[in-house]
Amino acid sequence: MDSPPPGLATLLARLAASGTDFVLVGALAAVAQGAPLTTFDVDALLGDGHQLLSTSLGQLDVFGAVEGGRGYEELALDSVTVVVEGQPVKVLGLRALPELKRDATSAKGRLALAVLEETLRRTNL
């Protein structure tokens, strides 16, 4: 995994080691696959609804579903596995990530989409 902010890799590894089924989505998923983005939280798809949790290792943003109502089962099909501090972590694949940003209305979301599309173009995925 590329360099996430301090603590986020440990947070992911501990979540994976707990046996929790989740898919990493959002900017950290892109960073894990080489996209040059910056993020300060972990976006993970698990459980129902949406909860923003504050941990000693960083923010954990938990979603029951993402844009378009897509849930864990659907997104897990488009995931890849990366090893984070010795733990396998399901990460939404780089090809699927732009779909989450296509309808972005914020400047940050539109910028992330441009970076994701350029990363895909450069990696020929």
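The values are calculated or read from the model by the stated rules, or taken from the named source; none is laboratory data. Predicted model, so just to flag it, every value in this text is computed and none were measured. We place every Cβ from the backbone using ideal geometry, glycine too, and count neighbours over all the protein chains shown.
Scan segment 38-51 and tell me whether some residue there is among the aromatic types (Phe, Trp, Tyr) and buried (at least 21 other Cβ atoms within 10 Å of the Cβ).
no
Provide a single number: the residues in segment 45-77 that are acidic (Asp, Glu), out of contact with any helix residue (DSSP H, G or I) (no Cβ under 6 Å at 6 or more places or on another chain) and at pLDDT below 85.
1
Test each condition in (1) at positive phi; (2) under 13 Å from the mean Cα position of the chain (by Cα) for Gly68 and report the one that comes out false.
Unmet condition: (2).
How many residues does segment 15-62 contain that are closer than 19 Å to Pro88 by Cβ, within 12 Å of the chain's Cα centre (by Cα) and either of a type in the set (S, T, N, Q) or not in a loop (DSSP other than H, G, I, E, B) (or both)?
Total meeting the criteria: 13.
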